[in-house]
Amino acid sequence: MTVQPSRLLIYAILIIFAAFYLMPVYVLLVTGMKGFVEVSLPRMWDLPSGLYFDSFLRAWFGSQAQGFRGLSTNFLNSVKLVVPATLISAMLGSMNGYVLAKWKFRGSEVLFPLLLFGMFIPYQSVLIPLVQTLQKMQLYGSIPGLIFVHVVYGIPITTLIFRNYYATVPTELVEASKIDGASLLGIYRWVMFPISMPGFVVALIWQFTSIWNDFLFGVVVTPNPAVQPVTVTLNNLAGSYIVEWNVQMAGALLAALPTLLVYIFLGRYFMRGLLAGSLKG
Amino acid sequence: MRGLTWDRVTSILLIAPSAIAILIFVYGFIGWTGWVSLARWDGMLQDLTLVGLRNYQKLFDTERFQIDLHNTVTFTLLFLASSLVIGLLLAVLLDQRIRSEGLFRSIYLFPMALSFIVTGVVWRWLLNPGSRELGSVGVNLLFDKAGLGLLKSGWYTDPSIGIKAVAIAATWQMSGYVMAMYLAGMRGIPEDLREAARVDGASELEIYRHIILPLLQPITLSAVIILGHISLKIFDLVSAMTGPGLGFCTDVPAYFMFDTTFRGNHFSQGAAIAIILLLSVAALIIPYLVYTARTEVQR
């Protein structure tokens with residue numbers, strides 16, 4: 001069997017691009033694993049001489065001597081933020097999507113795009129009143145405040161994901177239950193919710209990723225370094241001149257780990273969420 | 001009949017909290033920001049005396065804002081063009097019955113799972129200009145090793161490049177997304193269509209040129225809208241990678257807004273920037289939402 005030269009060219013291009021996408025990962029990994037002695041910018045691309053985890057330890061625990069904050073508590077803050085915020089917004093999205101897909105009312109065709117617009121706005125256009133309102137609600141500067149913010153601004157996308165998902169469920173299923181005398185909530189509880197798993201997986205992954213990766217709300221709503229989510233701490237770490245660049249790289253890898261793991265193990269559903277984000281799901 | 005009305009009430013009750021939250025936190029807050037942008041609030045103390053469009057006037061006269069607008073246009077054009085071209089190229093290549101297609105796809109798409117902050121931290125070092133003592137580092141060093149020293153550059157530290165370097169990092173992060181969208185679109189095109197063209201004697205290239213690409217137009221539109229609105233709002237990446245840069249060469253309106261509002265306490269000026277940002281995004285998104293709603297009704 002001979003290989004056509006055009007096929008070879010295709011593979012060559014694909015591999016060159018793969019190298020482009022993986023290049024930063026390579027640098028993250030080799031830099032993070034180098035010992036402090038062998039870390040130098042001109043040797044950035046060289047492999048480490050052995051496995052050292054000093055950079056990861058320093059990025060995680062910080063350094064009292066150098067006076068910078070590690071990622072550990074803030075990583076935990078992100079967990080405390082992401083888990084409830086993701087669950088609550090998926091639940092809300094599921095109920096909204098159910099009503100908008102199966103119980104259309106007068107005005108629901110208008111309500112839906114009005115909700116959707118909320119996921120495209122630049123959040124800068126709500127930040128000033130948001131801070132003022134959170135202060136009045138005694139939620140400013142706290143993790144519950146951040147949870148609240150992510151739940152509210154997560155409504156559009158989770159509603160979209162579930163509405164699109166429930167639209168694929170035959171309406172006859174709902175009609176038949178109605179004839180059997182089931183109520184709206186009964187149908188949700190016993191008919192729709194049990195088959196909602198695919199919708200939940202997509203919505204949970206989407207919200208997990210975008211809340212974990214959020215920076216703007218974190219930096220505006222939580223000015224106190226002890227309360228901030230991990231992205232904000234990483235940004236401070238990277239913006240500091242006293243923190244060595246290998247520690248910054250190790251920190252970036254640590255902060256990226258949860259969403260990377262989700263991507264590696266649940267990539268298929270991640271993809272579905274992405275395509276839903278383009279409204280065409 | 002009574003049961004039906006009760007269900008009506010429940011349906012409204014279910015959706016009411018979300019609808020009210022969005023009404024207040026999106027539309028109400030936008031209105032409030034609009035008010036602040038017309039007021040004289042410049043400092044810690046809230047001052048809501050209306051001054052008309054003065055803040056906007058001043059803003060457009062500010063050099064930093066003019067540079068920001070210029071940067072946004074440059075960034076958007078470069079980021080959109082390169083993401084669309086790379087995304088389409090990769091999708092077409094992956095569509096050629098490639099062995100281990102899944103692996104390639106995963107590699108191209110994984111940056112989407114990362115935070116812009118992580119991307120910014122890594123690319124800051126990759127596009128580091130190096131220094132006289134250190135010599136070349138990062139990508140420049142790679143160019144040196146490959147004998148492509150000519151391509152070396154100061155990247156984001158060079159004011160003539162500035163924001164374009166940030167666009168490289170953004171393309172790295174988002175082009176896989178475009179690839180995925182195009183690929184999903186191509187897989188939706190029935191094989192018969194290609195087969196018929198082949199029977200008519202069309203070459204593979206012609207099939208893409210005259211059949212597949214025209215059918216992918218709605219996807220190009222979606223991609224332009226999605227990437228376009230991300231590009232107008234870009235903030236995290238600039239924040240982690242470069243900050244406003246020398247002479248604001250990497251500054252963008254979203255960063256200026258954050259800076260002037262929450263560091264400088266110039267609330268009215270910040271609000272004016274936010275409203276301009278919102279209007280630019282709305283000009284892109286609202287026609288798209290209307291268009292999607294219409295085609296959905298037709299279906």
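The values are calculated or read from the model by the stated rules, or taken from the named source; none is laboratory data. Note that the structure is predicted; figures quoted are calculated from it, not measured. Here Cβ is always computed from backbone atoms with ideal geometry, including for glycine, and neighbour counts include all displayed protein chains.
Residues checked against (1) over 21 Å from A:THR259 (Cα atoms); (2) more than 14 Å from every other protein chain (Cβ to nearest Cβ); (3) charged (D, E, K, R):
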{"site": "A:PHE36", "(1), (2), (3)": "yes, yes, no"}
{"site": "A:PRO42", "(1), (2), (3)": "yes, no, no"}
{"site": "A:ASP54", "(1), (2), (3)": "yes, yes, yes"}
{"site": "A:ARG58", "(1), (2), (3)": "yes, yes, yes"}
{"site": "A:LEU76", "(1), (2), (3)": "no, yes, no"}
{"site": "A:ILE88", "(1), (2), (3)": "no, no, no"}
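Test of understanding: among A:PHE200, A:PHE217, which residue is more than 21 Å from A:PHE112 (Cα to Cα), in contact (Cβ under 8 Å) with a residue 40 or more places away in the chain and aromatic (Phe, Trp, Tyr)? Going through A:PHE200, A:PHE217 in turn, just one is more than 21 Å from A:PHE112 (Cα to Cα), in contact (Cβ under 8 Å) with a residue 40 or more places away in the chain and aromatic (Phe, Trp, Tyr): A:PHE217.
Might you let me know whether segment B:108-117 holds any residue that is in a helix (DSSP H, G or I) and polar (S, T, N, Q)?
So in segment B:108-117, the residues in a helix (DSSP H, G or I) come out as B:108-113, B:116-117.
Cutting the leftovers down to polar (S, T, N, Q) gives us none.
No: segment B:108-117 contains no residue that is in a helix (DSSP H, G or I) and polar (S, T, N, Q).
Count of segment B:126-151 residues, restricted to those that are modelled with pLDDT of 90 or more and in a helix (DSSP H, G or I), is 1.
If only residues of segment B:63-122 that are β-branched (Val, Ile, Thr) and within 9 Å of another protein chain (Cβ to nearest Cβ) are counted, the one that is nearest to A:ALA255 (Cα to Cα) is B:VAL118. For beta carbons closer than 8 Å, sequence separation of 6+ or different chains, a first residue in segment B:28-39 that is more than 7 Å from chain A (Cβ to nearest Cβ) and a second that is surrounded by fewer than 20 Cβ atoms within 10 Å (Cβ to Cβ) and among the basic types (Lys, Arg), there are no qualifying pairs.
Taken over segment A:95-108, residues that are more than 7 Å from chain B (Cβ to nearest Cβ) and either surrounded by fewer than 16 Cβ atoms within 10 Å (Cβ to Cβ) or without any contact (Cβ under 8 Å) to a residue 12 or more places away in the chain (or both) amount to 4.
Only residues that are assigned to a helix (DSSP H, G or I) and more than 21 Å from B:ILE230 (Cβ to Cβ) were counted across segment A:210-237, and they come to 5.
Would you mind listing the helices (runs of 4 or more DSSP H) fully within segment B:1-75 where at least 2 residues are under 24 Å from A:PHE217 (Cβ atoms) and among the aromatic types (Phe, Trp, Tyr)? Walk me through it before giving the result.
On the way: elements: B:2-22, B:29-37, B:54-61.
Qualifying helices (runs of 4 or more DSSP H): B:29-37.
Against the conditions (1) of a type in the set (Phe, Trp, Tyr); (2) assigned by TED's automatic domain parsing to the domain that holds A:VAL201; (3) farther than 17 Å from A:TRP212 by Cα, A:PHE61 satisfies every one except (2). Taking the criterion of being in a helix (DSSP H, G or I) and more than 11 Å from every other protein chain (Cβ to nearest Cβ), would at least one residue in segment A:65-72 satisfy it? Yes, segment A:65-72 contains a residue that is in a helix (DSSP H, G or I) and more than 11 Å from every other protein chain (Cβ to nearest Cβ). Inspection of segment B:95-106 finds no residue satisfying the criterion of being in contact with a Phe, Trp or Tyr (Cβ under 8 Å, 6 or more places away or on another chain) and crowded, with 23+ Cβ neighbours inside 10 Å. Among the residues of segment A:188-205, those identified as under 18 Å from the mean Cα position of the chain (by Cα), buried (at least 20 other Cβ atoms within 10 Å of the Cβ) and away from chain B (no Cβ under 11 Å) are A:GLY199, A:PHE200, A:VAL202, A:ALA203, A:LEU204. Suppose the filter is under 30 Å from A:PHE270 (Cβ atoms), of a type outside the set (A, V, I, L, M) and free of Cβ contacts under 8 Å to residues at least 24 places away in the same chain; does B:TRP172 pass it? So B:TRP172 fails the test. Here A:LEU92 clears all of (1) more than 16 Å from A:VAL230 (Cα to Cα); (2) surrounded by fewer than 17 Cβ atoms within 10 Å (Cβ to Cβ) except the condition numbered (2). The condition of being in contact (Cβ under 8 Å) with a residue 24 or more places away in the chain, β-branched (Val, Ile, Thr), out of contact with any Asp or Glu (no Cβ under 6 Å at 6 or more places or on another chain) and within 14 Å of another protein chain (Cβ to nearest Cβ) holds for A:THR159. Among residues that are within 7 Å of chain A (Cβ to nearest Cβ) and either on the phi < 0 side of the Ramachandran plot or among the polar types (S, T, N, Q) (or both), B:SER18 is included.
Per the conditions (1) in contact with an Asp or Glu (Cβ under 8 Å, 6 or more places away or on another chain); (2) in a loop (DSSP other than H, G, I, E, B), the sole criterion not satisfied by B:MET186 is (2).
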